[in-house]
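Quick note: the coordinates plus some simple rules give every number you see, no bench work behind them. Owing to the predicted nature of the structure, the values given are computational and were not obtained by experimental measurement. Here Cβ is always computed from backbone atoms with ideal geometry, including for glycine, and neighbour counts include all displayed protein chains.
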Amino acid sequence: MALDDNASVQRVRLALETHAPGAGSRIIALSDSARTAAEAAAGLGCEVGAIVKSLVFDSGGKAVMALVAGDRMCDTAALGRALGLEKAPKRASADLVREATGFAIGGVSPFGHPGKLPMAIDASLSRFELIHAAAGHPHAVFPLSYAELLAWTGGLPVADLAPSA
């Protein structure tokens, strides 16, 4: 699938280039959807846990983000504690997700947002040498290391953000 003309994918490509020259060429167009971690993992032939879920939550009308391994669920109480929130955030509406990130649900990238979002990162993603995140479109992903994810997002690594089931 050709995504060269997609504005959201181009925004992610530019963000990748800002962090590391040449990194924009990492974007992979998948023939099947990658709206879910399971779909992305199937399309890439990797473990579901190696997929970064970019989850947006609502904290009193303001967006916060959790980057969570595809095989884990975000503990919103842990997210709230990690980000110093008064109470656990709740799942954001599709409108808040688009407003805060510039992306539609199913293609939310961990960066390339219009502004900086408070962000916590599931430390269990460090289990994998290579992880994959959405690149602004349900058919686009890109690989990176856990260290790159931390450095490029500025997110806070949290050991208990998404405990194993």
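Net charge near Ile105, counting Lys/Arg +1 and Asp/Glu -1 over other residues with Cβ under 14 Å of its Cβ?
Within the 14 Å Cβ shell, the charges total 0.
Place a label point 7 angstrom from the Cα of Asp95 along the Cα-to-Cβ direction, then list the residues of the stretch 50-75 whose backbone nitrogen is under 19 Å away.
What the label zone holds, given the 19 Å backbone N cut-off, is 56-64.
Looking at the square roots a ≥ b ≥ c of the eigenvalues of the Cα gyration tensor of the stretch 114-165, which shape do they give, rounded for a/c under 1.5, prolate if a/b is larger than b/c, or oblate?
Since a/c reaches 1.5 but b/c is at least a/b, the shape of the stretch 114-165 is classed as oblate.
At a 10 Å Cβ-Cβ cut-off, how would you order Cys74, Cys46, fewest neighbours first?
Neighbour counts put them in this order, fewest first: Cys46, Cys74.
By how many nm would the segment from Ala104 to Ile28 lengthen if fully extended, with 0.36 nm per residue of separation less the alpha-carbon distance?
25.6 nm
Count the net charge of all other residues whose Cβ sits under 12 Å from the Cβ of Arg13, scoring Lys and Arg as +1 and Asp and Glu as -1.
Result for the local shell: -1.
Report the net charge of residues surrounding Pro138, where surrounding means a beta-carbon distance below 10 angstrom and charges are Lys +1, Arg +1, Asp -1, Glu -1.
Residues near Pro138 contribute -1 overall.
Please report how far the C-alpha centroid of the stretch 129-165 lies from that of the stretch 6-82, rounded to the nearest whole angstrom.
6 Å
If N is the number of residues in the chain, what value comes out of its Cα radius of gyration divided by 2.2 N^0.38 Å?
0.94
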